[in-house]
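Nothing in this text is a laboratory measurement; each read-out follows from the coordinates by a stated rule. Owing to the predicted nature of the structure, the values given are computational and were not obtained by experimental measurement. Note that each Cβ is placed from the backbone with ideal geometry, even for glycine, and that neighbours are counted across all protein chains shown.
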Amino acid sequence: MDKTNWIYIEHEGRLHRGFTVGWPREIWSFEDRAWTPYAGEVPRPEGWGAQISEAEFQQWITDAKSGAWPF
């Protein structure tokens, strides 16, 4: 599966990625620092989640590593 066209999605303090906001395929595990399969129902309802940029995703990861993010 070509993941180069995937987008980053934030929902309630969790990071996801997929091809569209309503169809998350993976969720970021801060404990494992890795993507894991998304097991929730899809498609998600309209208004669920917000697309974020690569830079915003990287800032989340930086904050998590520094302990600045409240988990």
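Computed over neighbours whose Cβ is under 13 Å from that of E56, the net charge equals -2, Lys and Arg +1, Asp and Glu -1.
Amide H contacts of W23 (H built 1.01 Å from N, in plane; Pro and chain starts excluded): R44 sit under 5 Å, all sequence-distant by 5 or more or on other chains.
For R14 and E31, calculate 0.36 nm times their separation in residues minus their Cα-Cα distance, and state this gained length in nm to one decimal.
Gain on extension, R14 to E31, equals 4.9 nm.
Rank by packing, highest mean first: peptides 10-20, 52-62, 30-40, with packing defined as the count of other Cβ atoms within 10 Å averaged across residues.
10-20, 52-62, 30-40
Taking Cβ atoms as reference points and 11 Å as the exclusive limit, the residues near A39 contribute a net charge of -1, counting Lys and Arg as +1 and Asp and Glu as -1. Kirkwood analysis of region 7-66, using all unique Cα-Cα pairs, places the hydrodynamic radius at 11.6 Å.
The calculated FRET efficiency for D2 paired with V42, based on their beta-carbon distance and R0 = 25 Å, is about 0.85.
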